[in-house]
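Trainee: Below is a structure I'd like to ask you about.
Taken together, the values in this text are just the output of simple stated rules run on the coordinates, not laboratory data. The shown structure was predicted, so the numbers you read here are calculated from the model rather than taken from an experiment. Methodologically, a virtual Cβ is constructed for each residue, glycine included, from the backbone with ideal geometry; neighbour enumeration extends over all protein chains shown.
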Amino acid sequence: MYIGYLSKQTGASRKAIYLYEEMGLIPTPLRKGKYRVYAPEVVEIVKTIKCAQSLGFKLKELAEILQSTSARQWPNLEGIAEQLDWKRRALQEQIDSATTQIRLLDELRQRLAESPSVWECEKSR
């Protein structure tokens, strides 16, 4: 299939598809004259890439996952589960950090309400 059809099937822009190809996320397509001809299975790969991006994965992370697999195939379920667990831990760390910052902001606001002349920011409690 040509890139226009692949784009319509996946919702990925042509520019994104070229980038996926350049990064090795999708197989290099065959050529028919000056046109790229993508294999049908590329549709599912592009949809998977877009899904992973919507869950917070960066293209560089996906490329690293693929580099650890043989024959540039998607990793097995165990490899995917490990990456999902890693991403979940990273997000949880961000949530914990933001929660701490919110608590400190609330404490500072309370101190200011009690004594408006005090602007003292403690780093942790």
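Trainee: Can you give the charge dipole size of the stretch 1-75 about its Cα centre, rounded to the nearest 20 debye, using +1 on the beta carbon of Lys and Arg and -1 on the beta carbon of Asp and Glu? Show your work: numbers first, answer last.
Mentor: Numbers: 12 positive and 6 negative charges, 80 e Å.
Using only the charged Cβ atoms, the result is roughly 380 debye.
Trainee: Label Gln92 and Glu22 with points 7 Å out from Cα along Cα→Cβ: what is the distance between them in nm?
Mentor: Label at Gln92, label at Glu22, 3.7 nm between them.
Trainee: In whole Hz and in residue order, list the ³J(HN,Hα) couplings for the stretch 87-96 that follow from phi through the Karplus curve 6.51 cos²θ - 1.76 cosθ + 1.60, θ = phi - 60°; x for Gly and Pro.
Mentor: Coupling constants for the stretch 87-96: 5, 5, 4, 4, 5, 5, 4, 5, 5, 4 Hz.
Trainee: Stretch Lys34-Ala113 to full length: gain in nm at 0.36 nm per residue minus the Cα-Cα span?
Mentor: Numbers: separation 79, 0.36 × 79 = 28.44 nm, distance 6.92 nm.
Extra length from Lys34 to Ala113 when fully extended: 21.5 nm.
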